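Have a look at the structure below before the remarks.
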Amino acid sequence: MKKRSPAPAAGLRTPSWVGWLFVAPALAVYAVFVLRPIVLTFQYSLYRWDGIGPSTWAGLDNYVKVFTDPDLFDSILNAVKLIVFFSAIPVLLGLAIASTIRRIATSRLALVARTVLFLPQVIPLVAAGIAWSWLLSSNGLVNQVFSHLGLGGVTRAWLGDFSTALPAVGVIGAWVLLGLCTILLLAGLSKIDPAVYEAARMDGAGPLREFFSITVPSLRQEIGVCVTVTVIAALASFDIVFIATQGGPGNSTMVPGLEIYYLAFSERQVGMASALAVVLMVLVLACALPVQWLTKDRSS
């Protein structure tokens, strides 16, 4: 017969520091590539520096200029305006589309809809920006459709007009993020027990009552994730704006990410760019953390 190994002593425990050995590599990478750049950015924001020569102490002057310089402050306002397009529209439309797809989940149309809606997520944003620049140009497909419908009076270079450039960029962002929100919300809908909907229908609830009384409350956490991701995408937008308008016409579509790029690499104002980056980071946290808190699951 095989001898059993002796049972471990009752008071024997694994030292607590052993667990830290497993997370130490990840913590080291996080510290070097995330925490250290954040600390250096804050340090640079307190100096006037061109990135090459000696730096001079500026204190909080760079931060004061961020909020007093019209061009810099307007870039922040433009990013806030983009939240409506990047966040509100994709989340609201995603809720409606996800609820519709749930009702026709067994049909082939539902599979096609999921594929088509998620397609922008696998297309590089650079390619998406170029394609939409062609579509929204003065002789692009959008204006051609309007002309054929007898609406030639509204045609314009949508990305080159001061009044429509920012909304046009917002439409591109909404198109990119709609599929992501829809897929996330569909995943959340799959966890809802169908018996809940059947009970509601037996009580005489219609589609709208089901949507507002069952679907929306059950998707609280998923909605929070969608809002957080899309708000961050709006505030930190760069790719689409750079490809579609490069901040123009004038500064009508200038956003903080693009302004930081121009300040640091074109105008050689590393300190000012760092100050704007710190302000942007604080703004992102100020928008994302309350959303996470409000949508937190408190049932446990």
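The values are calculated or read from the model by the stated rules, or taken from the named source; none is laboratory data. This structure is a prediction, so every number in the text was calculated from the model and none was measured. Cβ sites come from the backbone with ideal geometry, for glycine too, and all protein chains shown count toward neighbours.
For the stretch 253-290, how many residues are within 17 Å of F86 (Cβ to Cβ) and either touching a strand residue (DSSP E or B) at 6+ places or on another chain (Cβ under 9 Å) or crowded, with 18+ Cβ neighbours inside 10 Å (or both)? Don't jump to the end; show me each part of the working.
Going residue by residue through the stretch 253-290, those that are within 17 Å of F86 (Cβ to Cβ) are 253-258, 280, 283-284, 286-288.
If we keep only those that are either touching a strand residue (DSSP E or B) at 6+ places or on another chain (Cβ under 9 Å) or crowded, with 18+ Cβ neighbours inside 10 Å (or both) too, we end up with 253-258, 280, 284, 287.
The number of residues fulfilling the criteria is 9.
Which is at pLDDT below 90 and either surrounded by 10 or more Cβ atoms within 10 Å (Cβ to Cβ) or in contact with a Ser or Thr (Cβ under 8 Å, 6 or more places away or on another chain) (or both), of I76, I101? Outline the logic, then answer.
On the way: I76 fails: at pLDDT below 90.
Being at pLDDT below 90 and either surrounded by 10 or more Cβ atoms within 10 Å (Cβ to Cβ) or in contact with a Ser or Thr (Cβ under 8 Å, 6 or more places away or on another chain) (or both) holds for just one of I76, I101, which is I101.
Scanning for something of a type outside the set (A, V, I, L, M, F, W, C) and within 22 Å of the chain's Cα centre (by Cα), does the stretch 286-294 turn up at least one residue?
Yes.
If the requirement is being closer than 25 Å to L180 by Cβ, surrounded by 16 or more Cβ atoms within 10 Å (Cβ to Cβ) and of a type in the set (A, V, I, L, M), which of these qualifies: A110, A96?
The conditions single out A110.
Could you tell me whether the stretch 155-162 includes any residue that is within 27 Å of the chain's Cα centre (by Cα), in contact (Cβ under 8 Å) with a residue 24 or more places away in the chain, within 16 Å of F242 (Cβ to Cβ) and in a helix (DSSP H, G or I)?
So far as the stretch 155-162 goes, no, none of its residues is within 27 Å of the chain's Cα centre (by Cα), in contact (Cβ under 8 Å) with a residue 24 or more places away in the chain, within 16 Å of F242 (Cβ to Cβ) and in a helix (DSSP H, G or I).
Identify all residues within the stretch 124-137 that are surrounded by 13 or more Cβ atoms within 10 Å (Cβ to Cβ) and either in a loop (DSSP other than H, G, I, E, B) or free of Cβ contacts under 8 Å to residues at least 60 places away in the same chain (or both); write none if there are none.
Scanning the stretch 124-137 gives A131, L135, L136, S137.
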